[in-house]
Amino acid sequence: MSDRRPLPRTIRGGRPVFFADPAVDKVISMMLNLASEVWALRERLAAVEAIGRARGVILADEVDRHEFAATDAARLEGQRRDFIDGLLRALKVETPAASAPGKREPVSAAARVKHAGKVRQRR
């Protein structure tokens with residue numbers, strides 16, 4: 001038998017913090033996730049268009065004019081909601097501070113927005 005232990009699933013000390021404001025880290029994370037999704041879609045679209053050209057079919061104009069059936073539109077709406085939820089997940093998750101002396105605990109973006117609203121109401 002082996003003495004191997006499974007690798008831990010969490011990073012010791014919490015998520016790494018790169019900027020003084022943890023909200024900036026979250027926005028950068030969201031932007032990188034979105035950029036990777038966009039690039040994957042561009043690659044797939046390029047592949048579909050290349051396959052269409054190779055088969056003598058020009059798809060670009062048809063794609064621009066296409067209207068989805070109601071069932072497809074409903075399915076895509078659900079996928080769109082899931083995509084947006086995944087993209088905004090970073091804003092919903094508290095970011096624990098890395099364990100370093102004197103480092104302040106980050107505040108969630110939602111808490112910042114809530115606090116900003118209270119400050120505006122007091123003025």
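For the range 16-47, residues that are loosely packed, with under 13 Cβ neighbours inside 10 Å and either in a helix (DSSP H, G or I) or aromatic (F, W, Y) (or both) total 15.
Within the range 48-95, being part of a helix (DSSP H, G or I), within 30 Å of F19 (Cβ to Cβ) and without any contact (Cβ under 8 Å) to a residue 60 or more places away in the chain holds for R80, R81, D82, F83, I84, D85, G86, L87, L88, R89, K92. Of the set (1) modelled with pLDDT under 75; (2) assigned to a helix (DSSP H, G or I), all apply to P101 but (2). One residue stands out in the range 56-81 among those that are modelled with pLDDT under 90 and of a type in the set (D, E): the one that is nearest to L34 (Cα to Cα), namely D64.
Only one entry in R53, R4, R9 is more than 22 Å from G86 (Cα to Cα) and either exposed (fewer than 10 other Cβ atoms within 10 Å of the Cβ) or at pLDDT below 85 (or both), namely R4.
The values are calculated or read from the model by the stated rules, or taken from the named source; none is laboratory data. Note that the structure is a prediction, hence the values are computed from the model and not measured. When we count neighbours, we look across all protein chains shown, and the Cβ atoms used for this are built from the backbone with ideal geometry, even at glycine.
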